[in-house]
Each structure stands twice: as C-alpha cells, then as structure tokens.
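Below you'll find the structure, written out as structure tokens, and then a few comments.
The values are calculated or read from the model by the stated rules, or taken from the named source; none is laboratory data. Every value quoted in this text rests on a predicted model; they were computed, and no experiment measured them. Here the Cβ positions follow ideal geometry from the backbone for every residue, glycine too, while neighbour counts run over all protein chains shown.
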Amino acid sequence: MPSVGAFVWLILAAAMWSRGDDERPAPADPASAQSAEAGDPDAEPAAAELPFEQRPYRVLVSFAVENRPEFGNAFAASLQETVEARLQVRFGQMWDVSIEQTRGWAPVASDVLSRRTDDELNAAYLPTDADKVFLTGIARRDGAYLAFAREWDRNSRSAGPTLSRTTYDRRLVGDLAADLIHDLFRPIALATSVDDAGVDLLIRAGEYLTPDPDSQPFREGDYLTTYFRYLNRQRELRQLQHVPWTFLRVEAVDRARLRCSVVSTFRRSPLGGARRRVELIGMRARPLFDHTALHMAPRGATNIPMAGYRVDVMDRMPTAEDAVEDRLSLTSDRRGVVRIPSFPDQPLRHLLVHSGKSVLARVPMIPGLEPEMTLNPPSDRARLRVEGALAMLEGDLIDTVARRAVLMARARRSADAGNWDEVNTFIAQIKALPDFNRFEDLITAIRTPAVETSRRLGDRVAAMRINRMCDDLQQVAEEHLDSQKIRDFEQEIAALRSAQ
C-alpha cells in the first residue's frame, strides 16, 4: 500500500503539471510557423510560436548620446532605467523591450537621423530580431536638452518621420524620450476579411491590455494606412506595395479585433479580392506635425511645379445637398507647394485640386502625418491647349454668325428697295462665310491629336474632358450655322424678287 509520503508527492506533481498546462503557449499560427521554419527574417522562431494577436512586439531602443561631460555613464544609466520603466508602465506585456547605447552617429543630430534612408535602416536592423527599433538621440541645443527619435518597422520595412522635443530640466530628459517613443509607435493589424462594407483586422499583440489606457494601439475614430505584403511559397517577403490615398477608419474595437470602413480616392476599393500568399496590413496613422507641405506636379512631368492652382480642403466631400461652404481654400506657390494645416480632432481631410472650372484630383489626406508629401494629378496641359484653341475658334464662330446676320439684314433692306445688284453681292458674301462643315473640320483637327495624346498617357479623364468641350462647341456651331437657315433666307429673297 502506498505510503502517505507517496500520496503527497503525487498530489504535488499533479498540481505542478496543471500549472504548466495553464502557462503553456497557445497553438501556433500555421502560416507563422511555416514562415519561421523557412527562415523568413520577418518572423523569428520565438515570436512565431504565438498567434498574431498574442505576439508581443520585440522593441529595441537604441540611444545615441552627445559626447559631453555632463552626459557621462551615470546619466546614460539613469536615462536607460527611466525609459525602460516608463515604457513598461505604458505597454506592459505588449512590448518586449531591450535598450542599447550606440555611438554610431557623428554628430548626434536630428537631421543626421532624418537623412538615413529605409534601405540603410533595413540593412542595419533586418539581421536583428527586433520588430520595432526606436533610434533616439540626446543632445544640447541653445541651453536646452534636445530629445529626438525615429521609428523603424520590420513588417513594412519602413521608417517613420523624425520627431524632436526639448526641455530645460535635466531630470525630465528620460520622460521626454519615453514620450517621443510612445507617440512615434505605429501599431499594425492584419486583415482577416475584406467585403464591400469594410475590413476586419487582428491587432498585433492586441490580446494584451496595456496598463496605461492611453497606450491602447487603436481606438474608434483612428485611421490606418494600408499596404500589401506579397510572400513566396516559403512565406518569405517578396514585395511590398503601399496603397496610395487610401485609409481605414476604425469603426469598432473588440479587444484584438477591428472593424474598419474604407476611405479612398478610388471609386472601387483597392483592398478587395482574396489572393494567396498576400497579406493586407493596416498601420495606425497618427498626425504628429502641425502641417504638411504638399508638393504638386503633373503626372509624367514631375519637374514642372503646379503653381497657382486652387486647393480646397474639406472635412467631407460635397454633394448635391451639401456644397460644403465651410471649406479652406489655398493656392499653391511658385514651387507648386501648398501648406495644409493639421486638424487634431478630425484628422482626415478631402482635397479638391482645381484648374479653372475643372477638378484635377480628389484625394483623402491626413495633414500632419508627414512633414512633406507629393501629389501628381493628371497633367492639364493638353486640356488647357485645347481650351485655348477652342476659345479662339469660338471667337471666330461668334464673328461669323454676327457677320452673317448683318449681311442678311442688309440684303433684306436692299430687296425691299428693289436694289437687286446689292442683294446679289450680299448673298455672295454670305455664301463665302465659313459654314458648319468648316468649323466641324477645325474642331476635329483640335480634338483628335489631343485625345490621342491623353489616351497614350493613360489619362482617360483628360480625354473625356476634351471630347466634352469639343462636343459642346460643335453643338453650338451646328445650331447657329445650320444650312437650312441659308436655304430659308434664299427662299425669302426669291419670294420678294417674284413679288416685284
């Protein structure tokens, strides 16, 4: 019969086994497991064991401190301790943070960090296991302590903008750096389904609730930029494709799940359609700057600035019922730049770029998301040339119609007076005037090369506008230069001649 000690040992073993089951990680995501086995640099084995929504971010904070006596070892150690503590309080289990100090910058300056390209940062940090790298610098400028930082993201292979802040209190430098890192963090979400009504996504590490409620990755009303990740058969990244002028708006948050609507410049959503080995990723778009300098140049001629164009900035698109009178109207400068202020309460804006009465571009935009952006509307040069040529032709048409009316009136007066030699002279002058067929030929000569050029450049909108302008003038010419009016006038004169 087993002893009492054996029973106690069995009970303790069972308890330990039960506790081990509770702490065992959740089943691995099959796609992630395949990615890890294939050696994909985007998925390290330890992180790939967990599903996407339970996978913490591996975060590396890389500090560069200016070489000054006041920034000694004690300062660096205190800085690292403060930042690590602040980030742990804010993000908890969502982040797995490591901090290093580097001396790879010379000098330690925000413009040096801003000039580092995505390719340079990819080469430096793809070999590491970090999902996010925050390159952070500490320096002194004009008597103040300057902290600046920039985020690099493994999933998108991209770096965000550089952000800087200052303080005059040495004790607050660590808190300032932690605030910068918090504000620069761009959380991501993986789309699970796309339909006509919107997109469903899973939040990376979204199952972990942050100790600080303000540090939750997404909230209702947030916006996300989007990009596609094309994978090969080994689940390795083959290509990245960012979707321009398209945003997701968070409509509902349920722990690790998002429901989003789509806001895009395209008539049909560019996010739809199920494709194998393609991931649709959303990344939170948070405006950090007070304005964005939008550089405008026509498509296909980016060296020619679009100066003097009107840009309307609105919080909604105009409709037949709502003309949006409360719009902000701006004009691009001689370099084709227009500065659009940010709107923290409602960050998304709709832009209309005008050329005269024509609208060249309709795009959604979040001002302040980037310090500078570029917009390439369709070139309006062909339409403007056609518009100028048609304006001259319209002037000739008006002159022809007026001269014909005057000659007809004089011919009638001469007919009433019985002066038939003058009547014959006026009729000959009327017949010598350009008729509708002549104007139709001239319009065709203007229309054909312009439409062909626009279609060759892939600008269907410009081709459509050119056709519409030409059709309008041709209709006016046909109405006023109808040959039936000449025949009726000749019959009228013949009747007067017979009566006398």
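Below is a table of values for the structure above.
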quantity	calculated
Residue that is surrounded by the most Cβ atoms within 10 Å (Cβ to Cβ), among those in region 369-385 that are among the charged types (D, E, K, R) and under 20 Å from LEU163 (Cα atoms)	GLU370
Residues being within 21 Å of PRO378 (Cβ to Cβ) and of a type in the set (A, V, I, L, M, F, W, C) - total across region 297-348	13
Residue in region 295-306 that is more than 19 Å from PRO341 (Cα to Cα), in contact with a Cys (Cβ under 9 Å, 6 or more places away or on another chain) and surrounded by fewer than 17 Cβ atoms within 10 Å (Cβ to Cβ) present	no
Single match in ARG171, ARG150, ARG140 (criterion: of a type in the set (D, E, K, R), closer than 20 Å to ALA76 by Cβ, part of a strand (DSSP E or B) and over 24 Å from the mean Cα position of the chain (by Cα))	ARG140
Residue within region 437-450 that is touching a helix residue (DSSP H, G or I) at 6+ places or on another chain (Cβ under 9 Å) and acidic (Asp, Glu) present	yes
Every residue from region 421-434 that is surrounded by fewer than 16 Cβ atoms within 10 Å (Cβ to Cβ) and either part of a helix (DSSP H, G or I) or of a type in the set (Asp, Glu) (or both)	ASP421, GLU422, ASN424, THR425, ALA428, GLN429, LYS431, ALA432
Any strands (runs of 3 or more DSSP E) falling wholly within region 316-368 and containing at least 3 residues that are within 18 Å of the chain's Cα centre (by Cα) and surrounded by 15 or more Cβ atoms within 10 Å (Cβ to Cβ)	337-341, 349-355, 358-365
Verdict on LEU407 being among the hydrophobic types (A, V, I, L, M, F, W, C), more than 30 Å from THR448 (Cα to Cα), under 60 Å from the mean Cα position of the chain (by Cα) and not assigned by TED's automatic domain parsing to the domain that holds PRO347	yes
Residue within region 185-195 that is surrounded by fewer than 16 Cβ atoms within 10 Å (Cβ to Cβ), more than 13 Å from SER62 (Cβ to Cβ), in contact with a strand residue (DSSP E or B) (Cβ under 8 Å, 6 or more places away or on another chain) and in the same structural domain as LEU248 (by TED's automatic domain parsing) present	yes
